[in-house]
Amino acid sequence: MNTEKKVRVRFAPSPTGGLHLGGVRTVLFNYLFAKHYGGDFILRIEDTDQTRFVAGAEEYIFECLKWCGIEPDESALHSGPYAPYRQSERKPIYKGYADKLVEAGHAYYAFDTPAELEEMRSRFKTDENPSPQYNHLLREKMRNSLTLGNEETQRLLAEGTAHVIRIKMPVDEEIKFTDMIRGEVSFQSSQTDDKVLLKADGMPTYHLAVVVDDYLMKITHAFRGEEWLPSAPVHVLLWKYLFGLENMPQWAHLPLILKPDGNGKLNKRDGERLGFPVFAMNWTDPRTNEFTQGFREKGFLPGAFVNMLALLGWNDGTGQEIFTLNELVEKFSMERVHKGGAKFDYEKAKWFNHEWIKNSGAEDLADKVVAAFADKGISVTKDKKLEKVVALVKERCTLLPDFVQQAGFFFQAPVEPDISAIKPKWDEKKQLFFAELIRTLELSTLWEHEDLEKSFKELAATQQLKPGDLMLPLRIMLVGGKFGPGVFDIAAIIGKEETIHRIKYVLGLL
RNA sequence: GGAGCGUUGGUCAAGGGGUUAAGACACCUCCCUUUCACGGAGGAAUCACGGGUUCGAUUCCCGUACGCUCUACCA
């Protein structure tokens with residue numbers, strides 16, 4: 001690794017929609033790596049495809065990072081010494097580099113229209129070669145500065161004929177580089193096509209832009225998904241031609257996050273189909289109104305989300321699974337990232353959140369619980385009572401909205417208590433017991449859970465009833481169902497008046 | 001079709017020449033708990049296959065199979 005230079009990494013999303021798991025994990029690994037080495041994390045918006053502009057997508061990305069607790073050191077919002085950080089605003093920069101490549105003979109002008117390209121593909125398509133490439137063989141048959149000659153090329157250029165600039169891939173050259181995760185990777189230049197570098201609209205393609213910007217922004221380590229591996233030789237060549245291989249960042253191609261069932265990259269349809277979020281936060285596509293669920297709104301804690309993502313393809317080798325962001329920064333290393341893709345397991349994701357909820361203090365959880373109630377139209381205030389309740393039920397909550405179910409009865413009497421759970425075994429003796437219990441409670445001045453349990457059991461003993469047969473009815477009266485913390489804890493918190501009220505109410509239904 | 005990358009229990013995975021092949025999730029059984037959870041104890045792998053190298057291969061090498069990714073003037 002290049003230790004003399006300050007580590008600088010970048011996440012370079014294309015703002016075309018919501019950020020999914022894989023994207024967030026790429027951000028995370030970038031961030032963890034940079035911070036581990038005390039380096040900078042840059043967010044660069046790759047919006048060179050003007051036809052794919054989606055309103056709100058960029059803001060969404062920033063909000064996701066914020067929610068995850070990941071703050072870029074430089075970005076379109078934070079600015080910095082290498083601004084602008086939006087490629088569309090850097091448009092004038094790229095052409096010069098493309099021209100330079102043409103002059104050096106490493107790239108050429110191509111005048112083929114989209115229709116001509118399509119025609120070429122269908123003409124050369126065979127069973128053996130289902131997708132013909134614009135490569136060192138086919139470029140001889142196309143309309144470009146290689147086949148047209150200098151005079152004709154100049155004439156077309158002067159006339160303003162639409163054209164692109166393509167890289168001229170060497171005919172037979174081995175291109176290799178060392179990937180931080182995979183080790184040495186090599187390619188034959190003849191296997192890669194002459195990728196377009198500069199589009200007809202003057203915008204660079206990803207291939208040119210990524211190399212130019214990584215150079216200009218002094219990026220030292222470049223991490224991206226494994227799907228980029230096949231085009232890596234183009235980038236390596238561009239580095240060689242433009243800025244020197246010795247200045248090229250270290251690459252790491254991250255393993256993919258796969259569908260839980262079957263195979264293939266996880267996508268938002270899988271989430272919809274299998275019932276779990278795939279995006280970090282809710283996202284509605286402004287063009288289609290298509291809605292995709294997010295982890296945040298589903299009730300995940302950002303720490304849990306980040307923790308879960310980090311462990312998808314990485315581990316510290318000790319068996320530890322719960323990490324805070326700071327711990328991850330401290331422990332992370334690219335060498336311990338897995339090579340193979342990982343199937344996403346929503347059950348495990350929920351386990352992480354459950355662990356995080358259990359480990360969180362009631363005070364820290366309170367605001368989020370208030371919000372979860374508010375989402376269901378129930379207003380609760382953040383006070384000592386709420387904190388007690390949260391502490392009592394948090395181990396039963398996997399997702400934030402679970403608090404509404406698990407703690408709702410502390411604030412609202414059960415609307416439809418599950419009478420059927422006790423009715424079959426209900427009898428006169430029990431009826432009498434509870435009537436007497438009400439009288440006892442009304443007289444009681446002590447209201448701690450121990451006091452309540454004691455008087456309850458004493459009363460049961462005097463009536464020669466087993467406390468066990470009476471606990472469930474009491475629970476149904478106070479909670480409404482067969483769940484929740486200890487009944488006397490509940491009675492202690494909801495108070496005398498409410499406890500008596502609920503007992504009376506259910507007694508009336510039996 | 002081609003190229004590249006990958007392959008340890010259902011899933012995430014540790015380990016990387018000699019191990020009883022960790023741990024976690026999920027699942028099942030039991031314990032704890034007069035509810036539900038939490039917690040605890042158990043339960044599953046001839047390390048894709050075939051050849052090498054080696055005294056010995058899950059671990060190294062070569063094949064094969066399978067899977068994935070890419071194969072756009074998208075990223």
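The values are calculated or read from the model by the stated rules, or taken from the named source; none is laboratory data. Treat the numbers as computed from the prediction; the structure is a model and nothing was measured. We place every Cβ from the backbone using ideal geometry, glycine too, and count neighbours over all the protein chains shown.
Observations on the structure shown:
- Residue match in the stretch A:131-141 (condition: within 11 Å of RNA strand B (Cβ to nearest atom), loosely packed, with under 12 Cβ neighbours inside 10 Å and either within 36 Å of the chain's Cα centre (by Cα) or not assigned by TED's automatic domain parsing to the domain that holds A:Leu117 (or both)): yes
- In the stretch A:8-60, residue nearest to A:Ala222 (Cα to Cα) [restricted to those that are among the hydrophobic types (A, V, I, L, M, F, W, C) and either free of Cβ contacts under 8 Å to residues at least 12 places away in the same chain or part of a loop (DSSP other than H, G, I, E, B) (or both)]: A:Ala12
- Residue within the stretch A:438-459 that is in contact with a helix residue (DSSP H, G or I) (Cβ under 7 Å, 6 or more places away or on another chain), surrounded by 13 or more Cβ atoms within 10 Å (Cβ to Cβ) and over 18 Å from A:Ile490 (Cα atoms) present: yes
- A:Leu441 at pLDDT 95 or above, touching a Ser or Thr at 6+ places or on another chain (Cβ under 8 Å) and among the aliphatic types (A, V, I, L, M): no
- Residue match in the stretch A:254-272 (condition: within 28 Å of A:Ala83 (Cα to Cα), away from RNA strand B (no atom under 13 Å from the Cβ) and either touching a strand residue (DSSP E or B) at 6+ places or on another chain (Cβ under 6 Å) or not hydrophobic (A, V, I, L, M, F, W, C) (or both)): no
- Taking the criterion of being of a type in the set (Gly, Ala, Ser) and either in a helix (DSSP H, G or I) or not assigned by TED's automatic domain parsing to the domain that holds A:Ala107 (or both), the only residue of the stretch A:155-182 that qualifies is A:Ala158.
- All conditions in (1) over 26 Å from the mean Cα position of the chain (by Cα); (2) in a strand (DSSP E or B); (3) outside the structural domain of A:Tyr97 (by TED's automatic domain parsing) hold for A:Lys240, with the sole exception of (2).
- Residue check for A:Ala98: more than 16 Å from RNA strand B (Cβ to nearest atom), outside any loop (DSSP other than H, G, I, E, B), modelled with pLDDT of 95 or more and surrounded by 15 or more Cβ atoms within 10 Å (Cβ to Cβ): no
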